[in-house]
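Working notes for the structure below.
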Amino acid sequence: MSTYLINHLRIPGGVPTEESLRYLEQVEATTKPYGAKWLVLDAQVQVIEGSWEGSAVLIEFPDAETAKTWYNSAEYQAILPLRVNHTINDLILVDSVSPDFTVAGYAQKIRTLLGQ
């Protein structure tokens, strides 16, 4: 089951710093050994509810453990300050649903747990 890393990215002043560009030049090489697929990079979002300042980054990993191993790897940790010291980020990992998942089935599981 795939796991997705989602980054709510904000670049102060709207222009990347030299350090941010050095990060971008190096980060992809750190993800390749972990089977990551870059799906979205600095994409401007279209807000249809709520608010969202900034852009989005979306990376697919084979699973959560692999994503965490990448994040904690020496190679990634070496360049991490280039990102966190020059951008504002909220990073989360989310697992995809199973192939047989349905929203109605999920609601039924909740009803069962509630005794309904």
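Computed from the coordinates by the stated procedures, all read-outs in this text should not be read as laboratory data. Since we're looking at a predicted model, the values are computed, not measured. A quick note on method: Cβ atoms are made from the backbone with ideal geometry, for glycine too, and the neighbour counts reach across all protein chains shown.
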Q: Any chance you could list the semi-axes, whole Å, largest first, of the equivalent ellipsoid that the Cα gyration tensor gives for the chain, using √(5λ)?
A: 32, 19, 11
Q. Which whole-number percentage describes the relative contact order of the chain, with Cα contacts under 8 Å and a sequence gap of 6 or more?
A. 45
**Q.** FRET efficiency estimate (nearest 0.05) - Cβ-Cβ, residue 84 to residue 107, R0 41 angstrom
**A.** 0.60
Q) Stretch residue 58-residue 6 to full length: gain in nm at 0.36 nm per residue minus the Cα-Cα span? A) 18.2 nm
Q: Give a quick list of trypsin sites (Lys or Arg not before Pro) in region 28-98 that DSSP marks as loop, anything other than H, G, I, E or B, with at most 16 other Cβ atoms within 10 Å.
A: none
**Q.** Net charge contributed by nearby residues that have their C-beta within less than 15 Å of residue 93 (K/R +1, D/E -1)
**A.** -3
Q) Which of the listed residues, 30, 108, 64, is farthest toward the dipole's positive end in the chain, when Lys, Arg count +1 and Asp, Glu count -1 at the beta-carbon? A) 108
